[in-house]
1. Show me the chymotrypsin sites (Phe, Trp or Tyr not before Pro) within region 1-91 that DSSP assigns to loop and that have at most 13 other Cβ atoms within 10 Å of their Cβ.
2. Tell me, what are the semi-axes, in whole angstrom and largest first, of the equivalent ellipsoid of region 53-102 as set by the roots of 5 times the Cα gyration tensor eigenvalues?
3. Can you work out ³J(HN,Hα) from phi for every residue in region 58-66, in order, using Karplus 6.51 cos²θ - 1.76 cosθ + 1.60 and θ = phi - 60°, giving whole Hz and x for Gly and Pro?
4. I'd like the carbon and sulfur percentage of the solvent accessible area for the chain, probe radius 1.4 Å, heavy atoms only, ligands and nucleic acids excluded.
5. In the Gaussian network model of the chain, springs joining C-alpha atoms below 10 Å, which of P29, P91, P70 carries the largest mean-square fluctuation?
6. Would you mind working out the accessible area per residue for region 62-102, using a 1.4 Å probe, and quoting it in Å²?
7. Run through all the Cα pairs of the chain and give the fraction in each 5 Å bin from 0, expressed as whole percent.
8. Can you compute the modelled spin-label distance between L36 and R68, with each label point 7 Å from Cα toward Cβ, in nm?
Amino acid sequence: MSPEQLLRAEREQTRWRILVTLDAGRPTPVSEHLLLQVLGDIKLSATPASLRRELDYLESRKLIEIERTPYNTWLAELTRLGVDLVEYTVPCEPGIARPVRG
């Protein structure tokens, strides 16, 4: 696997793990600080900037909503579509490394 392919695979895995973490936190929004801790605990390298980039990507796909607080902290929660994606009731388009349900 090339370095570019490895980076892409890690980004897509990070997106999936963000969605799963937000699902576990429902119905309460989850802070970016908690997301960084979870990603670090499962050995995915994420910086605050890279996490925000992936959160922004997921928001643009209408899978999450982000609340940007006055204290420059982001809180994220799943949309209906995001819940459906995590629960395997809708197809997963490319860009997210959702495991095959088996």
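1. Y71, Y88
2. 24, 11, 8
3. So the Karplus estimates, Gly and Pro as x, are 5, 5, 5, 8, 6, 8, 9, 10, 10 Hz.
4. Numbers: 3480 of 6350 Å².
Of all accessible area on the chain, carbon and sulfur atoms account for 55 percent.
5. For the chain, modelled as a Gaussian network with Cα springs under 10 Å, the answer is P70.
6. It amounts to 66 Å² per residue over region 62-102.
7. Reading the bins upward from 0: 2, 13, 25, 26, 19, 10, 3, 1, 0.
8. 1.8 nm
The values are calculated or read from the model by the stated rules, or taken from the named source; none is laboratory data. Treat the numbers as computed from the prediction; the structure is a model and nothing was measured. Neighbour counts run over all protein chains shown; Cβ positions are idealised from the backbone, glycine included. Just so you know, the surface numbers come from the protein's heavy atoms only, side chains and all, with ligands and any DNA or RNA stripped out. Shrake-Rupley method; radii C 1.70, N 1.55, O 1.52, S 1.80 Å.
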